[in-house]
1. If the only charges are +1 at each Lys and Arg Cβ and -1 at each Asp and Glu Cβ, what is the size of the charge dipole of region 28-85 around the Cα centre, to the nearest 20 debye?
2. Cβ neighbours within 10 Å, averaged per peptide: list 309-316, 40-47 in order, most packed at the top.
3. Give the shape of region 7-238 as rounded, prolate or oblate, defined through the alpha-carbon gyration tensor: a ≥ b ≥ c are the square roots of its eigenvalues, a/c under 1.5 means rounded, and otherwise the shape is prolate if a/b is larger than b/c and oblate if not.
4. For region 1-149, build the charge dipole from Cβ charges (+1 Lys, Arg; -1 Asp, Glu) around the Cα centre, then report which of ILE96, PHE56, ALA8 sits farthest towards its positive end.
5. Can you work out the accessible area per residue across region 1-86, with the rest of the protein chains kept in place, probe 1.4 Å, in square angstrom?
6. Label region 157-272 by shape, choosing from rounded, prolate and oblate, from the square roots a ≥ b ≥ c of the eigenvalues of the Cα gyration tensor; if a/c is under 1.5 it is rounded, and otherwise prolate applies when a/b is larger than b/c, oblate when it is not.
7. Report, in debye and to the nearest 20, how large the dipole of region 249-317 comes out about its Cα centre when Lys and Arg carry +1 and Asp and Glu carry -1 on their Cβ.
8. Roughly speaking, what is the stretch gain from GLU215 to LYS262, that is 0.36 nm per residue apart minus the C-alpha to C-alpha distance, in nm to one decimal?
Amino acid sequence: MPRIVSDALVTLFEHFKEMQYEGIPGVMRIKSKNPGPIVGITACTHGNEPSGLAIFEYLLKEKNIEKTLRCGTLYLVINNIRATEKFFDATNEEEIRKSRYCDINMNRLPKEVLRLPDDSRYEVLRTKQLLPIWQCFEFGLDVHSTLDPSDPMIISRGEKFFQNLVHGFPIKKLISNIDKVQIGLPAFALYGKPESDAKIFAIEAGQHTDPRSFERAATCAMALLENLDMLPHTQQAVTTEYEEYYIDDSVTFPDLSFDLVKDFKSYEEIHKGDLLARNAKGEEIRSVFNGHLIMPTSLRGTAKDISEEITFISRPVKMHRA
Ligand SMILES: [Zn+2]
């Protein structure tokens with residue numbers, strides 16, 4: 001077990017994976033006596049990202065949410081149970097990194113995931129198993145974190161940003177449209193009934209095992225439940241500015257011979273024509289517009305993973321006042 005994670009989280013996870021709702025493991029449903037919104041908070045879409053578990057720990061132990069939920073229904077879900085088991089069993093950095101998923105990245109699901117009849121890959125099976133739960137969500141928050149230290153981010157589906165729901169989140173950066181640009185489907189694309197106006201988004205709470213990411217994630221969950229009047233309000237009204245980074249492109253590598261030309265920082269400003277990557281043969285990848293690099297990989301040389309985006313590219317940042 002990685003020492004970076006507290007015994008309390010290990011215990012919580014052990015308890016949680018035994019929990020079932022309608023025969024589906026890793027799902028807890030908390031229903032208030034009063035009618036209200038149906039909210040889903042999902043943790044560990046990636047096994048090595050424990051911030052969502054920290055939310056569950058906080059809501060269940062500190063906030064006694066089973067007693068204090070004022071209205072509506074709250075689902076707490078561990079999306080990728082098996083990868084999270086791998087994470088808790090990991091004994092070194094390499095094993096921790098590999099505990100992101102088992103067979104396929106649950107945030108890069110094949111677009112036809114629901115129509116794959118004989119696919120036994122764990123994440124495909126788990127997606128199909130969770131679908132009836134995910135589709136119940138009228139409001140959904142999927143909780144992630146990042147490998148590299150990074151400012152936290154709100155991730156919207158397309159351009160749908162719900163300012164009233166994220167009021168009080170300790171996050172100032174908004175990443176929009178990434179789900180339209182990325183390879184495959186992120187899990188949260190399947191939340192809510194198809195064509196419904198379910199309000200779904202994700203957060204990147206910060207670096208994976210930074211205690212500040214855990215705290216921030218818990219603050220976001222509390223703020224969401226307060227904004228929906230499911231918990232009493234504790235926060236003052238404040239005006240907030242958001243920086244929106246609209247993702248409009250990404251860099252993928254056709255083969256391992258390519259590498260970024262340097263260690264780029266997330267949000268680093270780039271200009272049209274800037275050289276981003278090249279290979280030994282002199283083939284180049286350049287930016288096609290002015291903007292920013294979002295979540296460029298820090299893995300270079302032989303360590304890099306070319307099955308996923310090497311970096312996303314956003315249009316120039318836009319300010320929003322909320
Ligand atoms: Zn993630």
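1. Numbers: 8 positive and 5 negative charges, 77 e Å.
That gives region 28-85 a dipole magnitude of about 360 debye.
2. Details: 309-316: 21.1, 40-47: 26.5.
Most protected by this proxy first, the peptides run 40-47, 309-316.
3. rounded
4. With unit charges placed on the Cβ atoms, the residue in question is PHE56.
5. On the way: 3720 Å² over 86 residues.
Normalised by residue count, the accessible surface of region 1-86 is 43 Å².
6. Working: a/c = 2.12, a/b = 1.59, b/c = 1.33.
It is prolate, given that a/c is not under 1.5 and a/b is the larger ratio.
7. Details: 9 positive and 12 negative charges, 35 e Å.
Dipole about the Cα centre, nearest 20: 160 debye.
8. Extra length from GLU215 to LYS262 when fully extended: 13.7 nm.
The values are calculated or read from the model by the stated rules, or taken from the named source; none is laboratory data. Owing to the predicted nature of the structure, the values given are computational and were not obtained by experimental measurement. Quick reminder, even Gly has a Cβ in these numbers, built from the backbone with ideal geometry, and neighbours come from all protein chains shown. Each accessible area value is taken on the protein alone, full model and side chains, heavy atoms only, with ligands, DNA and RNA left out. Shrake-Rupley method; radii C 1.70, N 1.55, O 1.52, S 1.80 Å.
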